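Here is the structure we will look at, set down as structure tokens.
The values are calculated or read from the model by the stated rules, or taken from the named source; none is laboratory data. The shown structure was predicted, so the numbers you read here are calculated from the model rather than taken from an experiment. Glycine gets a Cβ as well: all are built from the backbone with ideal geometry, and neighbour counts include every protein chain shown. Accessible surface is based on the protein model in full, side chains and every heavy atom, while ligands, DNA and RNA are left aside. Shrake-Rupley method; radii C 1.70, N 1.55, O 1.52, S 1.80 Å.
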Amino acid sequence: GAGVSQTPSNKVTEKGKYVELRCDPISGHTALYWYRQSLGQGPEFLIYFQGTGAADDSGLPNDRFFAVRPEGSVSTLKIQRTERGDSAVYLCASSLGAASPLHFGNGTRLTVT
Amino acid sequence: DAKTTQPPSMDCAEGRAANLPCNHSTISGNEYVYWYRQIHSQGPQYIIHGLKNNETNEMASLIITEDRKSSTLILPHATLRDTAVYYCIVRHTQNDMRFGAGTRLTVKP
């Protein structure tokens, strides 16, 4: 079956620009997660949705980062006024619910020049 | 506040069993142990998870000590394609999947 799909796979943007990263979860998965991974490090938790609502956004680094999931399926991670330090791979995952494994997409590699 | 401790790297000969250790001495009674792996340029891949009992699936076996303070992931016959970073994670709640640095396993011919 189809897994978690993330688009684009690569994004290059200039410092100060706005970017949107999209995640299509596995059909029927109610929980959705965003992570960020820098080179040589493990994924870092950003935000978790249960349905349409953000149940935990404690990992968002600052108010330039925002995520939505308006219909409880597709999610968009939005980054305003990008900085070079935002360059990383942004990973999305979905799961059926509590105690179910997370299934990850292959990420969007964001490069801020 | 890392919940797990893993060696940074390990080598294994192709065809032999790979035994990856993980310490989680502060684990509480309702926390699960999860294992994921990540191959270069891909997202993390779920391998296996368990609470108290040993678990086995088509990918690996998970051995959890009786006191639950440590566990071992076993890949019974490692292949070159098993070269990856392996993450051991202790999970309490739905939003508590936190990754550490993992163990970089290199399978050598």
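Scanning segment A:80-113 for residues being within 11 Å of another protein chain (Cβ to nearest Cβ), part of a loop (DSSP other than H, G, I, E, B) and open to solvent by less than 60 Å² (accessible area, probe 1.4 Å) gives a total of 7.
Residues in segment B:1-23 that are over 23 Å from A:Gln37 (Cα atoms) and open to solvent by less than 30 Å² (accessible area, probe 1.4 Å): B:Cys12, B:Ala18.
One residue alone among B:His77, B:His49 is within 10 Å of chain A (Cβ to nearest Cβ) and open to solvent by 30 Å² or more (accessible area, probe 1.4 Å), and that residue is B:His49.
When A:Gly40, A:Gly72, A:Gly3, A:Gly28 are checked against the criterion of being closer than 18 Å to B:Gln45 by Cβ and assigned to a loop (DSSP other than H, G, I, E, B), a single residue qualifies: A:Gly3.
Selection over segment B:6-20 of residues that are part of a strand (DSSP E or B) and touching a residue at least 60 places away in the same chain (Cβ under 8 Å) gives a count of 7.
Under the condition of being more than 19 Å from A:Trp34 (Cβ to Cβ) and either part of a loop (DSSP other than H, G, I, E, B) or open to solvent by 10 Å² or more (accessible area, probe 1.4 Å) (or both), the residues counted in segment B:85-104 number 5. In segment A:6-25, the qualifying residues are those that are over 14 Å from A:Asp86 (Cβ atoms) and in a strand (DSSP E or B), and the one that is farthest from the chain's Cα centre (by Cα) is A:Asn10.
Within segment A:38-79, being surrounded by fewer than 18 Cβ atoms within 10 Å (Cβ to Cβ) and of a type in the set (Phe, Trp, Tyr) holds for one residue alone: A:Phe66.
Here segment B:27-46 is the region considered, the condition is being open to solvent by 60 Å² or more (accessible area, probe 1.4 Å) and assigned to a loop (DSSP other than H, G, I, E, B), and the residue that is nearest to the other protein chains (Cβ to nearest Cβ) is B:Gln42. Return the pairs, sorted by first residue and then second, in which the second residue is of a type in the set (A, V, I, L, M, F, W, C) and in a strand (DSSP E or B), the first residue lies in segment A:43-56 and is more than 14 Å from A:Pro70 (Cβ to Cβ) and within 7 Å of chain B (Cβ to nearest Cβ), the beta carbons are less than 7 Å apart, and the residues are 6+ apart or on different chains. Note: pairs meeting the criteria are A:Pro43/A:Leu91; A:Tyr48/A:Ala31; A:Tyr48/A:Ala55; A:Ala55/A:Phe49; A:Asp56/A:Ile47. Taking the condition charged (D, E, K, R), more than 14 Å from every other protein chain (Cβ to nearest Cβ) and either without any contact (Cβ under 8 Å) to a residue 40 or more places away in the chain or within 18 Å of B:Lys3 (Cα to Cα) (or both), does B:Lys69 pass? Yes, satisfied.
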